[in-house]
1. Ranked from the most accessible area to the least, with a 1.4 Å probe and all protein chains present, what is the order of 80, 235?
2. Taking a ≥ b ≥ c as the square roots of the Cα gyration tensor eigenvalues, with a/c under 1.5 meaning rounded and otherwise prolate when a/b beats b/c, else oblate, which class fits region 154-223?
3. So how exposed is residue 87, as accessible area in Å² (1.4 Å probe, rounded to 10)?
4. Once you have the alpha carbon radius of gyration of region 157-198, what is it after dividing by 2.2 N^0.38 Å, with N set to its residue count?
5. Ordering 203, 133, 174, 265 by accessible area with a probe of 1.4 Å, largest first, what comes out?
6. Over all pairs of distinct alpha carbons, what does the Kirkwood formula give as the hydrodynamic radius of region 146-294, in Å?
7. Students sometimes get this wrong: rank 121, 172 by accessible area, probe 1.4 Å, all chains present, largest first.
8. Rounded to whole Hz and in sequence order, give me ³J(HN,Hα) for region 108-121 from the Karplus expression 6.51 cos²θ - 1.76 cosθ + 1.60, θ = phi - 60°, writing x for Gly and Pro.
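The values are calculated or read from the model by the stated rules, or taken from the named source; none is laboratory data. Since the model is a prediction, treat every value here as computed from it, not as a measurement. In case anyone asks, the SASA skips ligands and DNA or RNA and just uses the protein heavy atoms, side chains included. Shrake-Rupley method; radii C 1.70, N 1.55, O 1.52, S 1.80 Å.
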Amino acid sequence: MDANDGGSGAPHEPNTSGEARTEAGAATGAGAETPPVKDVAPGPRAEFPSPDPGPPAEPGSPSPGLPADPTSPVARPWPRTGVAALSPRYQIGAALALAVVAVAVCVHVGMVFLHVAPSNTVTKAHGKAIDEWIYPEFEQNWKLFAPNPLQQNIAVQVRAQVRTGDGGSRTTGWYDLSAQDGRAIDGNLLPSHTQQNELRRAWDFFTATHSNDNRSVGIRGALSETYLRHIVVLRMERGGAAGDGGVVERVQIRSQTTNVTPPKWSDEKVSMNPVYRELPWWSVPDGETEGGAR
C-alpha cells in the first residue's frame, strides 16, 4: 500500500518538498496535468504585536483612527461670551467704563463714610465738598459711631383740660406716658413696636423740627405737632382721663430730662435734678377724641 493512501492507519508524512498536491481532475477535469510549482524556501515568519484595543468606546464617539465629526459640538471651539466676544477696540472701551464705575463707587463709599464719621482732619478740611456730595440725595439720619452716647433719661408727660358731662371744666394731673410704656415693656419677651418706639420717635420728630423755644424751624413742624397731639390724645382716651361723659378739649405736653447716674469709678459730677420743657396748650379739634384719633 502506498504511503499516501487514505487508510486510517497510514501515517502522514509532512510535505518537505514544497510541492502543492492536488487531486487530478478536481479543477481541470480528468487527465489534466497539474502545472509544476516552484520550490520556495520557507522564510522567517514576521511577528507583529496585536494592537491595544484601549477602553471601550462610548456610544456616538468616533472610531479610533477616524477624523472627528466636524458637526459634533465637541469638535467645534467653545464660543466666547461677555466682554471676550467683543472686538479689541470695544474690549478697551468696556474696560474703561468698568474702571470709571469702580472709581465712582469707591468715591461715594468714602464720602458717605466721612459724612457719618466723627469730626476729623479730613472732614474739617473738606467738609464743604463732602456736604455737596451727600446733600440732599444721600443724606444720612444715623451715626456710624457714638463717641458721646446719650446719658439722659427723657420722659414724655401730658395733662389735659377736660369738659365734664355737666358742662364744667377740670384739668387733670400729669400722666407719664413714657413710664407706662416702660411698664408694658418690662418683662415682656415680645414687646410691640408701638410700646417701644411710637412715643419716643414722635418726640424726637418734634424736637428735630422745633427750636428750644418751641418754634417751628422747618416745613414739617406743623406735621410733627399734629402727629404728637394725635398720640397723646389717643393715650388719654384709652386711659379714661376724661371720665364718664367728659371730652378732652386741650392738651399740654412736657418732657422731663434726668441725667443718668455716673458709674462709681467715674469722678464726673452731674446734677440729678430733672429739667422740664413745657409746650403750650394745644386745642383738640372737634371729633378727634370721639374716634378721629383712633
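1. Working: 80 180, 235 40 Å².
Order by accessible area, largest first: 80, 235.
2. Numbers: a/c = 2.45, a/b = 1.05, b/c = 2.32.
Verdict is oblate for region 154-223.
3. The accessible area of residue 87 comes to roughly 50 Å².
4. Numbers: Rg = 14.9 Å, N = 42, 2.2 N^0.38 = 9.1 Å.
Taking the Cα Rg and dividing by 2.2 N^0.38 Å, one obtains 1.64.
5. On the way: 203 15, 133 100, 174 80, 265 215 Å².
Heavy-atom accessible area, descending, gives 265, 133, 174, 203.
6. On the way: mean 1/r = 0.0588 Å⁻¹.
With all distinct Cα pairs of region 146-294 included, I get 17.0 Å.
7. On the way: 121 115, 172 15 Å².
Per-residue accessible area, sorted high to low, gives 121, 172.
8. Once θ is set to phi - 60°, the couplings for region 108-121 become 5, 4, x, 5, 5, 4, 5, 5, 8, 6, x, 4, 9, 4 Hz.
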